[in-house]
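Report on the structure given below.
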Amino acid sequence: MSNLLTEAKALQDIIVKDRRHIHQNAELGMDLPVTSAYVVKRLKEMGYEPQVIADSGVVALAGGRKPGKTILLRADMDALPILEENDLEYKSKTQNMHACGHDTHAAMLLGAAQLLKTHEDEIEGTVKLMFQPAEESLSGAKAMIEAGILESPKVDAAAMVHIFSGMPMKSGTLVVSEPGYSTSSADMFHINIKGKGGHGAMPQDSVDPLNVAAHIFIALQEIIARETTPSNTAVITVGQMHGGNAANIIPDTAFLEGSIRAFDKNDRKLMRNRVVEISKGMASVFRAAAEVEFRMECPSVYNDKGLSDLAVKANKEMLGGDNVIVFQDIFPGGKMTGSEDFGYISEKVPSVMMALGGGSPEEGYPYPQHHPKVNFNEDILHKGSAVYANTAIQWLKNNK
C-alpha cells in the first residue's frame, strides 16, 4: 500500500484520457447515457460487474474477499448548461460544459477503481464505488439513496473529493473538512402571487401582485436581520422577480424565486417556515394570495470526526505533510456557503468531504468553477485517485 501514489502516477495518462472523453461528451442532470455507458465500459475492462441505477448512476464493488465494513467513494458525473469558451483539443462537443470539474471526479474515481482492483485481495472489507448523476440539481444523491445505494452491502462510511480551480492553493494540495458542517443547505423557493388584473388608470378595481412582490422581497430580508443568530451564517437571496408585460396594465399574477442557505439545521427550518409565513401574510395584507413551493432541497454536508482525522493522517503519510491542509486554511470558518448533495449521504452515514487543488491563479488557472473558461491542471489527477483509494483502504483497516 505504501506504493499507492506511485501506482496512481503510472495510471496518469489513462486517467487523463478518461477525463477528456467525459469532458467532450458533457451531459446534464439524470440523463447521462454517453457518460454512464463509458464508465460502465471502463469498469468492466477492469474486471468489475457494475450496475446502473437511478437512470444514469453507476455502482460497483471492490474487495469483499476479506470480512469487514463497507465504505462508499462518491464521484459526480453531470455537467452544466454552459457553452465552453476554452480553445482545447478536447473542448466539449455538446452545448454543455464540465465547468464544475465533475469530469475529473469521475476520471479520478475510475483511477481509484483500478488501484483497488489491483489490491483487491488486501482490502479488509468492501469499497462501494458511486458514480452519481444530477449533483448540479442537488437531486442525484437522493435518487441513488432511494434506489438502494447505501444497502446490499450496507454502507458504514462515505468519502468524496471535489476539485477546485482559481483558488490560492497549489495544484495537488488536499483539503480535508474539519468535523462538523462544511457546506450550507440549499432550499430553492418559488412564490406565486395571485392578485386581480386591471387597467393601470383604475388601480382601485385591481389587486396589484407587483406591489405584493415588492413588499415580500423587502420583508424576507428581515429574517436574516432580526430572526437568525448573528454569529450563524445564513443567506436568503431572491434571484428572480417577474410580473406584467405592459406599462398601463396591472397584471393578474407575479412570482419571485430565490434560495435559502444555512449551516445550522434549526436556522434552515426557521427560514423555510418564515418564507411561507411572510409571503402569505404580506399577500393577505394587500388582498392578494400567495403560495410557496420549494423546488429544490439539499441538506448540509456533515463531516464525521473519525473520518476527518483519518483522512488527514493517512493522506499526509502518502502525499507529505505540506500537501494536506484543512478547510479552515482556505475557507473562512472552515465552511463554504455553496451546497453539495453529498449532504444527503452524510445525513445517513459517517462521511467526509475532501477537496483537491486543481490550479491556482499563479499557476495559470484564474477562473473559478461555473465559469465558461474554467480549466483544471490534469497533472494532479492521479493524486485524486490515490486519495480516494488510500482513504478507503486505511479506513477499512482501522475500522475492522
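Observations on the model:
- For region 145-238, the solvent-accessible area with a 1.4 angstrom probe is 42 square angstrom per residue.
- Region 30-64 and region 342-400 have their alpha-carbon centroids 20 Å apart.
- Against the main long axis of the alpha-carbon atoms of the chain, helix 305-319 sits at an angle near 50°.
- Here region 176-208 is scanned for amide nitrogen atoms under 19 Å from the site 7 Å beyond the Cα of R287 along Cα-to-Cβ, giving 193-208.
- Tilt relative to the chain, helix 381-398 - C-alpha long axis, 0 to 90 degrees, to 10: 80
- Around D87: net Lys/Arg minus Asp/Glu count, Cβ-Cβ under 15 Å: +1
- In Å, descending, principal axis extents of the Cα set of region 273-400: 65, 43, 23
- Surface per residue (accessible, 1.4 Å probe) for region 1-132, Å²: 40
- Taken over the chain, the percentage of Cα pairs per 20 Å bin, counting from 0 up to the bin with the maximum distance, is 27, 51, 19, 3, 0.
- Secondary structure note: in the chain, about 65% of the DSSP beta bridges are antiparallel.
- Cβ-Cβ FRET estimate between K265 and T237, R0 fixed at 22 Å, reported to 0.05: 0.70
- At a probe radius of 1.4 angstrom, the accessible area of region 325-400 per residue rounds to 37 square angstrom.
- Counting DSSP beta bridges with both ends in region 44-201, the antiparallel % (nearest 5): 45
- Cut-off 13 Å between beta-carbons: net charge of the residues surrounding L174, Lys and Arg +1, Asp and Glu -1: +1
- With a cut-off of 11 Å between beta carbons, the residues surrounding I278 carry a summed charge of -1, where Lys and Arg count +1 and Asp and Glu -1.
- Summed over qualifying helices (DSSP H, 4 residues or more, each -39500 (n - 2.57)) and divided by its residue number, the chain shows a 222 nm mean residue ellipticity of -10500 deg cm²/dmol.
- With Cα atoms, 0 to 90° folded angle of helix 102-118 axis to the chain main axis: 30
- Carbon + sulfur, % of accessible area of the chain - ligands and nucleic acids excluded, 1.4 Å: 50
- Amide H to amide H distances under 5 Å link L356 with H162, I163, F164, V175, where only residues 5 or more positions off or on other chains count and H is placed in the peptide plane.
- Additional length obtainable on full extension of the chain from I53 to D329, 0.36 nm per residue less Cα span: 95.6 nm
- For region 291-400, the relative contact order works out to 32 percent when only alpha carbon pairs closer than 8 Å and six or more residues apart are counted.
The values are calculated or read from the model by the stated rules, or taken from the named source; none is laboratory data. As the structure is a prediction and not an experimental result, all values here were calculated from the model. For neighbour counting, all protein chains shown are included, and Cβ atoms are generated from backbone atoms with ideal geometry for every residue, glycine included. SASA here: full protein model, heavy atoms, side chains in, ligands and nucleic acids out. Shrake-Rupley method; radii C 1.70, N 1.55, O 1.52, S 1.80 Å.
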